[in-house]
1. Return yes or no: is residue 46 small (Gly, Ala, Ser), modelled with pLDDT under 75 and out of contact with any helix residue (DSSP H, G or I) (no Cβ under 9 Å at 6 or more places or on another chain)?
Amino acid sequence: MSSQTRFIKSIVAASKAEAPELPWARGARRAAFIAKRNGVLLKKVA
């Protein structure tokens with residue numbers, strides 16, 4: 001199997017395995033970073 005065929009097969013397998021995280025679905029850590037950057041205070045939960 002050539003390296004290009006192996007590469008293509010790995011790309012196809014990775015695309016079927018999981019969908020990449022979208023920027024707006026990354027959770028509390030990202031929301032806190034964006035709020036800090038925008039100068040907004042967030043209420044801590046936990």
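The values are calculated or read from the model by the stated rules, or taken from the named source; none is laboratory data. Here the structure is a predicted model, which means the values were calculated and not measured. Quick reminder, even Gly has a Cβ in these numbers, built from the backbone with ideal geometry, and neighbours come from all protein chains shown.
1. yes
Residue-wise test of (1) out of contact with any helix residue (DSSP H, G or I) (no Cβ under 8 Å at 6 or more places or on another chain); (2) surrounded by 10 or more Cβ atoms within 10 Å (Cβ to Cβ); (3) modelled with pLDDT under 80.
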| position | (1), (2), (3) |
| --- | --- |
| 7 | yes, yes, no |
| 12 | yes, yes, no |
| 22 | yes, no, yes |
| 33 | yes, yes, no |
| 39 | yes, no, no |
